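Report on the following structure.
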């Protein structure tokens with residue numbers, strides 16, 4: 001089963017558990033985000049992706065410009081380890097990591113979660129690729145893929161046992177859109193996936209296909 005199919009199945013299971021009134025608020029919020037110009041104005045295939053300088057959970061700095069020197073870079077933006085769709089995505093990319101490496105690429109994930117939280121996520125899933133902290137979603141905002149969790153949604157997330165501030169820091173409710181980019185050695189985006197719907201993610205098979213096309 002592909003990641004896309006697994007995510008659809010997870011969405012159906014989760015919807016069955018969510019009260020109708022909460023579903024209504026969540027759907028309205030999602031539609032509002034979809035109608036915004038965030039996705040339309042996000043980085044696209046053929047654009048140059050702005051370089052980043054971000055720390056991993058050990059405080060070691062990683063530069064996109066340096067990573068690109070070794071080959072293409074796959075960049076996944078995810079909301080946090082509290083998000084079941086993100087966790088499913090990370091697991092799928094861990095499984096696809098051998099194919100990604102075979103294509104000569106480096107895989108990194110970027111999250112607004114503080115280092116301790118991102119380390120917990122990495123350890124939980126046995127991730128063999130680096131997770132970088134984009135504190136306050138600064139980099140994601142620079143490339144135009146950030147939204148703020150609405151006031152209406154915050155108590156709903158709290159009722160689900162999700163403490164956004166506990167993961168991201170006090171008063172930090174900014175989150176990245178579901179986004180994945182493949183960047184070539186020149187910094188040009190060879191593949192882009194950006195969605196307002198957080199239950200949708202780039203399928204690793206599509207990313208691997210894009211990487212292999214770069215080698216031709």
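Between helix 20-35 and the chain, what is the angle of the helix's C-alpha long axis to the longest principal axis, kept within 0 to 90° and rounded to the nearest 10?
With rounding to tens, the tilt is 40 degrees.
Which residues in region 39-78 have a backbone N closer than 18 Å to a point placed 7 Å from the Cα of residue 123 along the Cα-to-Cβ line?
Output list for this probe position: 56-60.
What fraction of the DSSP beta bridges in the chain is antiparallel, stated in percent and rounded to the nearest 5?
70
Would you mind telling me which residue in 76, 18, 110 has the biggest mean-square fluctuation in a Gaussian network model of the chain, where springs connect alpha carbons within a distance under 10 angstrom?
Of 76, 18, 110, the Gaussian network model singles out 18 as fluctuating most.
May I ask for the distance between the Cα centers of region 154-216 and region 27-101, given as a whole number of Å?
Result: 4 Å between the Cα centres.
Roughly how tilted is helix 204-214, in degrees to the nearest 10 and between 0 and 90, from the longest Cα axis of the chain?
Result, in degrees: 30.
Most fluctuating residue of 70, 168, 56 in a GNM of the chain with Cα springs under 10 Å: which is it?
In this elastic network of the chain, the residue with the biggest mean-square fluctuation among 70, 168, 56 is 70.
Based on the mean of other beta carbon atoms within 10 Å per residue, what is the order of 198-208, 21-31, 133-143, most packed first?
Details: 198-208: 20.4, 21-31: 13.4, 133-143: 18.5.
The peptides rank, most packed first, as 198-208, 133-143, 21-31.
Using helices alone, I'd like the mean residue ellipticity at 222 nm for the chain: each DSSP H run of four-plus residues gives -39500 (n - 2.57), total over residue count, nearest 500.
Roughly -12500 deg cm²/dmol at 222 nm, from the helical runs in the chain.
At 0.36 nm per residue, minus the direct Cα-Cα distance, what do residue 91 and residue 138 gain on full extension? Give it in nm, one decimal, please.
Stretched out fully, the residue 91 to residue 138 stretch lengthens by 14.4 nm.
Report, to the nearest 10°, how far helix 3-15 tilts away from the longest principal axis of the Cα atoms in the chain, using its own Cα long axis and a range of 0 to 90°.
10
Quick note: the coordinates plus some simple rules give every number you see, no bench work behind them. Computed from a predicted model, the values in this text were never measured in an experiment. Ideal geometry is used to build each Cβ from the backbone, glycine not excepted, and the neighbour counts take in all protein chains shown.
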